[in-house]
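Each remark here refers to the structure printed beneath this line.
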Amino acid sequence: MRYGGLYHVFYQYNSKGVIWGNIVWIHLVSNDLMNWTPLDLVIFPSQPSDINDCWSGSATLLPGNKPAILYTGIDSMNRQVQNLAQPKNLSDPFLIDWVKLPQNPLMVPPVFLGKR
């Protein structure tokens, strides 16, 4: 994603080992696509809608050139739900601080009644 004159890359990382679990999102920035500077963690389990993990998603620009990260969280009931995080300060070209919407999750799996 390009924002504020910088290229931003977000990726998943497990700092606790090579087996599945403990997923967090890392953030790097570059102004030339050759040299990258690592920044702080962006997304990590911290609210009921992602307390059991933060899985795949994507960084994008919403209308009005507003960065956002849409990602799958594993909630307290072990459901895959869709969440949104946005930068705390849009004037920061490094997008250091991100906040998760208090309305998360934005989408939850449907509840089926009866047979499928």
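The values are calculated or read from the model by the stated rules, or taken from the named source; none is laboratory data. No experiment lies behind these values; they were computed from the predicted model shown. All Cβ positions, glycine included, derive from the backbone under ideal geometry; neighbour counts span all protein chains shown.
Take the residues in region 13-53 that are of a type in the set (Phe, Trp, Tyr) and at pLDDT 90 or above; name whichever of them is nearest to ILE74 (Cα to Cα).
Initial filter on region 13-53 (of a type in the set (Phe, Trp, Tyr)): 13, 20, 25, 36, 44.
Checking which are at pLDDT 90 or above leaves us with 25, 36, 44.
Numbers: TRP25: 14, TRP36: 30, PHE44: 11 Å.
Per the criteria, the residue is PHE44.
For region 66-80, give me each residue that is assigned to a strand (DSSP E or B) and either within 15 Å of GLN103 (Cβ to Cβ) or of a type in the set (A, V, I, L, M, F, W, C) (or both). Before you say what the answer is, go through the steps one by one.
Residues of region 66-80 that are assigned to a strand (DSSP E or B), as a first pass: 66-74, 80.
Selection gives ALA68, ILE69, LEU70, TYR71, GLY73, ILE74.
Contact list please: Cβ distance under 7 Å, first residue in region 92-104 and farther than 10 Å from VAL42 by Cβ and buried (at least 19 other Cβ atoms within 10 Å of the Cβ), second residue among the small types (Gly, Ala, Ser) and modelled with pLDDT of 95 or more, pairs at least six apart or on different chains.
Every condition considered, the pairs that remain are LYS100/ALA85; ASN104/SER49.
Look at region 1-39 and say how many of its residues are part of a strand (DSSP E or B) and of a type outside the set (S, T, N, Q).
Step one: of region 1-39, the residues part of a strand (DSSP E or B) are 2-3, 6-14, 23-30, 37-38.
Cutting the leftovers down to of a type outside the set (S, T, N, Q) gives us 2-3, 6-11, 13, 23-29, 38.
Here the count works out to 17.
Give me the residue from region 65-83 that is farther than 11 Å from ASP53 by Cβ and of a type in the set (Gly, Ala, Ser) and, out of that set, nearest to the chain's Cα centre (by Cα).
Top of the filtered list is ALA68.
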